[in-house]
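Visitor: Here you go, one structure.
Taken together, the values in this text are just the output of simple stated rules run on the coordinates, not laboratory data. Quantities reported herein were computed from a predicted structural model and do not represent experimental measurements. Quick reminder, even Gly has a Cβ in these numbers, built from the backbone with ideal geometry, and neighbours come from all protein chains shown.
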Amino acid sequence: MRLHNKSIIVTGGAQGFGLGIVERFAAEGARLMIVDVQGDAAASAAAKFPGAQSMRADVSKASDWAAIAAATVKAFGRIDVVVNNAGVSHKNQPMLEVDEAEFDRVYAVNVKSIYLSAVHCVPVFRAQGAGAFVQIASTAGVRPRPGLTWYNGSKGAVILTSKSMAVELAKDNIRVNCINPVAGETPLLATFMGEDTPEKRAMFKASIPMGRLSTPLDIANAALFLASDEAEFITGACLEVDGGRCV
């Protein structure tokens, strides 16, 4: 198994891409800490996989990240990989119609969480002599769509921050990589489109050369590679899982 006995935190692991990652990683032998703001859903997900544990946590809060790191080390003795998957968006709408509170929440969940995960997990990685981050960013940070300006900016920040982390942490044998999914079949899809209608879906699919939206399994397979020892010499990469959207 490609992740046998690896201790892995997956944020936003109760649904969408996160749940797809959890399912794929569990099949490859990972020991999982499933983190989600929806605590009951995280617990339900963990119950499906022997040895998996769950936590209700808000990844934008320092105290919650301290608890995530401590609970994972207590449960499994170490942290091998952190998958920063949790994310939110504002509704697809003109940029000036997004209010300040919504803007702040997007940046807190999508960007500040990366900082907090580093604050609380990098010391663990350094003590072990190795570790890896897999950040779920977005094609929005590479090829932005109209109506999602502040979300696009947050994902661009994730991408550049991750590259900078990769350079700074390489000497510690800590890898940092990104995945850039195109719009997918997740609960956020309607938010990205503004409304979930056949016409909107057709418009989004038409922007993807391979003619379909992404699936949780598409993202999970990419995350599996980056989390595994097969990627031990890969850091600072951003893998676009997008059916050609960014070409």
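Visitor: With each pseudo-label sitting 7 Å past Cα toward Cβ, what's the Ala66-Met210 distance in nm, one decimal?
Guide: Rounded to a tenth, the inter-label distance reads 4.3 nm.
Visitor: Just to confirm my understanding: which cysteines in the chain have no other cysteine beta carbon less than 4.7 Å from their beta carbon?
Guide: Cys121, Cys246
Visitor: Right, next: When Lys and Arg each count +1 and Asp and Glu each count -1, what net charge do the other residues less than 14 Å away from Lys91, Cβ to Cβ, add up to?
Guide: Cβ neighbours under 14 Å give a net charge of -2.
Visitor: Provide, as a two-decimal number, the C-alpha radius of gyration of the chain over 2.2 N^0.38 Å, N being how many residues it has.
Guide: Relative to the rule-of-thumb radius for its length, the chain sits at 0.95.
Visitor: Which entries in the list Lys112/Lys155; Lys91/Lys155; Lys6/Lys61; Lys74/Lys163; Lys61/Lys112 go over 19 Å, if you measure between the two C-alpha atoms of each?
Guide: Lys6/Lys61; Lys74/Lys163
Visitor: Taking neighbour counts of Cβ atoms within 10 Å as a proxy for exposure, in what order, fewest first, do Ser113, Ser164 appear?
Guide: Ser164, Ser113
Visitor: Under a plain spin-label model, where a point goes 7 Å from the Cα along Cα-to-Cβ, how far apart in nm are Arg143 and Glu28?
Guide: The answer from the label model is 2.6 nm.
Visitor: I need the GluC sites (Glu not before Pro) found in the range 72-107, filtered to DSSP loop residues with at most 15 other beta carbons within 10 Å of theirs.
Guide: For GluC sites (Glu not before Pro) across the range 72-107 that sit outside H, G, I, E and B with at most 15 neighbouring Cβ atoms in 10 Å, the list is empty.
Visitor: Next question, about the same structure. Counting only helical runs of four or more DSSP H residues, what would the 222 nm mean residue ellipticity of the chain come to if each run contributes -39,500 (n - 2.57) and the total is spread over all its residues?
Guide: That calculation yields -13500 deg cm²/dmol at 222 nm.
Visitor: Which length gain, in nm to one decimal place, applies between Leu217 and Met95 when the Cα-Cα distance is subtracted from 0.36 nm times their residue separation?
Guide: Result: 40.8 nm gained on full extension.
Visitor: From the phi of every residue in the range 14-22, what ³J(HN,Hα) in whole Hz does the Karplus formula 6.51 cos²θ - 1.76 cosθ + 1.60 yield, where θ is phi - 60° and glycine or proline is x?
Guide: For the range 14-22, the Karplus-derived couplings read 8, 7, x, 4, x, 5, x, 5, 4 Hz, x marking Gly and Pro.
Visitor: Would you please put 200-206, 128-134, 218-224 in order of how densely packed they are, using the mean number of other Cβ atoms within 10 angstrom per residue and starting with the highest?
Guide: 218-224, 128-134, 200-206
Visitor: Using a Förster distance of 35 angstrom, determine the FRET efficiency expected from the C-beta separation of Arg56 and Phe233, and round it to 0.05.
Guide: Plugging the Cβ-Cβ distance into 1/(1 + (r/R0)^6) gives 0.45.
Visitor: Shifting gears a bit: Could you give the size of the charge dipole of the chain about its Cα centre, using +1 on the Cβ of each K and R and -1 on the Cβ of each D and E, expressed in debye and rounded to the nearest 20?
Guide: 380 debye
Visitor: Quick one: check the C-alpha center-to-center distance for the range 37-106 versus the range 209-235, whole angstrom.
Guide: Taking the Cα centre of the range 209-235 as reference, the centre of the range 37-106 is 20 Å away.
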